[in-house]
């Protein structure tokens, strides 16, 4: 075999990352991934040949590729399946068949895109591969082969039945029994359900102002999106459909790339790239050296180093620099007396104007200094801005004045981490100030670093952290103020008239899930909330949810306790059993809390804190009604049929999330998948873990391991379910 070395700067800010491009027979195959394939059709891969003949097929080439040492790291991955396969599953063999076919098919297709399927249910494997529009056939084949190899690595998604691998030169996705291209059907596609994964470089560009860099990056990203959409009709010429590159003449130069899956309609591609661009815009002012927005259907990226092959398809001029003074006119003396007189007169006028300007500026400076000496209110409240994440260090006196010395009249609420007060800054901006309970246990510098990390977390479903104050034993966090208050006011306090219709309830459930997804999988650091509950979910003016208090368990350290329990950070009724009893921390404890929240939102009943200590809690009631087939009694009877079916599905998902065994609970990406795909069958939930009132211990009920799928006419305890909702 032949090898060639090619530069590919991208990961972790590296300017000269190298990788090996394999020139293998896979690039010579004819494949079946050409543009003649019908939409959403997975070409069937032939059954594996006899062992003696296998070395002659494309799978043999892939196996040889797998034996090669891994030459470079991969960009990102998502374990998006419903679970893992067992030792007797036929899925690995079927996956091997599609892994053998796709490298050659994708590399030989004009669009660099191919799909394949192999085997029968259960264990049937579906897969797709999309190579970057500028890579050659050999690099495409090598990338797809390497992506299949990496998907099962111990630090990626071992034995997972659904994986998406985002490599520098390709995207590969496979699953068991799921024809994911069906999501592109007109009755399935919804732009709001896209989950864009944002990856950022650890370093930023410090040589230019933030506004200027943001303008240049926005311009080149917008241009490359428009060009990719305009290029969709050029597939007959052999160019890559929905693909474009661009470069802006900036200092430093900014390179950008946009690409969509060829099977998408122009409207779908526009929606995917548009959402991707909107999700990247809040990060552009941070001036990251590179940012990439990843989705199965599209990707959009930029970098201050070249990362695509060949010249850019678009060349853009740099945007004008902000607030640049006009250059002084140059005076070139001419020969002759008139010219000299003109120059002398101009020079004298310039000097005179300069003297006058200096006197005016000095007078203004003196006046301002005098005013500052006589009016010291603003000097007493210095605010220091940190450029990174635009996080502000507030002076304690400024926050005391803003909150009227933390008056009870300004108190918004109290939770396990501290008390929240409303404040108004001198410029009229409203803020929410959380006064943390106890000391942080961190040094001042580490506290600064932790808060800065939290301030960089930006998502539409997270409350924005604006700054903090550290003064002796007091630590205060400053958040954006959300006028509508917390979710519990809407679902539990009906006296105030804060009623939610079903569409709002569903959007709140989905928005909370997307916020958790960002914390668990998409942010620069993994955050496990540990205290998800109704009064930690705030509702903004658009009735969208915003998660508050994210990252505080991390900030305050493992040993922090709160007013309700000394065992773990959290609130009784929302804590998973393994966390409440043994202190075990994993993303699945947030899944448990989310499940409780879902059941509370749908039924508008609290799970815990009942005045009657002998009362059976919400989880018990929901489970009893679920097994008896009377779950509709817990729903709002005014719901129309479609809303009722959706509410029943949410209850099903909520019960999946509160199962006592953490391994039985779905990941948050699977939760979003189940929420947004009405035709997807969901496994039957096992009996949940739950509390029996405030005075009793946690009862972790053994799980029933029945494997039946929703749609059968039996329940886990043998009672017939008569009110199944449609799939």
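Pick from 247, 193: which is modelled with pLDDT of 90 or more and either farther than 30 Å from residue 90 by Cα or surrounded by fewer than 16 Cβ atoms within 10 Å (Cβ to Cβ) (or both)?
Testing whether each residue is modelled with pLDDT of 90 or more and either farther than 30 Å from residue 90 by Cα or surrounded by fewer than 16 Cβ atoms within 10 Å (Cβ to Cβ) (or both) leaves just 247.
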Whether any residue in the stretch 632-646 is more than 15 Å from residue 689 (Cα to Cα) and either crowded, with 22+ Cβ neighbours inside 10 Å or in contact with a strand residue (DSSP E or B) (Cβ under 9 Å, 6 or more places away or on another chain) (or both) is what I want to check. no
Might you check whether a residue that is under 22 Å from the mean Cα position of the chain (by Cα), closer than 27 Å to residue 455 by Cβ and part of a helix (DSSP H, G or I) occurs anywhere in the stretch 497-504? no
Sort out for me the helices (runs of 4 or more DSSP H) sitting completely within the stretch 574-668 that have 2 or more residues that are under 30 Å from residue 161 (Cβ atoms) and modelled with pLDDT of 90 or more. 587-603, 618-628, 641-657
Limited to the stretch 285-329, what total is found for residues that are modelled with pLDDT of 90 or more and under 17 Å from the mean Cα position of the chain (by Cα)? 9
So residue 491 passes all but one of these: (1) over 18 Å from residue 606 (Cα atoms); (2) touching a residue at least 40 places away in the same chain (Cβ under 8 Å). Which condition number does it fail? (1)
Filter the stretch 270-300 down to the residues that are assigned to a loop (DSSP other than H, G, I, E, B) and under 14 Å from residue 191 (Cβ atoms) and list them by number. 295, 296, 297
Do we have residue 455 as surrounded by 20 or more Cβ atoms within 10 Å (Cβ to Cβ), at pLDDT 80 or above and within 17 Å of residue 549 (Cβ to Cβ) here? no
Could you grab the pairs with beta carbons closer than 8 Å, sequence gap of 6+ or different chains, first residue in the stretch 621-644 and closer than 22 Å to residue 499 by Cβ and assigned by TED's automatic domain parsing to the domain that holds residue 573, second one at pLDDT 90 or above and surrounded by fewer than 16 Cβ atoms within 10 Å (Cβ to Cβ)? 643/503
Can you name the residue in the stretch 172-189 that is closer than 21 Å to residue 676 by Cβ and in contact with a helix residue (DSSP H, G or I) (Cβ under 8 Å, 6 or more places away or on another chain) and is also surrounded by the fewest Cβ atoms within 10 Å (Cβ to Cβ) among such residues? 188
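The values are calculated or read from the model by the stated rules, or taken from the named source; none is laboratory data. These numbers were taken from a predicted model, which means no experiment stands behind them. Heads up, the Cβs are rebuilt from the backbone with ideal geometry, glycines too, and the neighbour counts pull from every protein chain shown.
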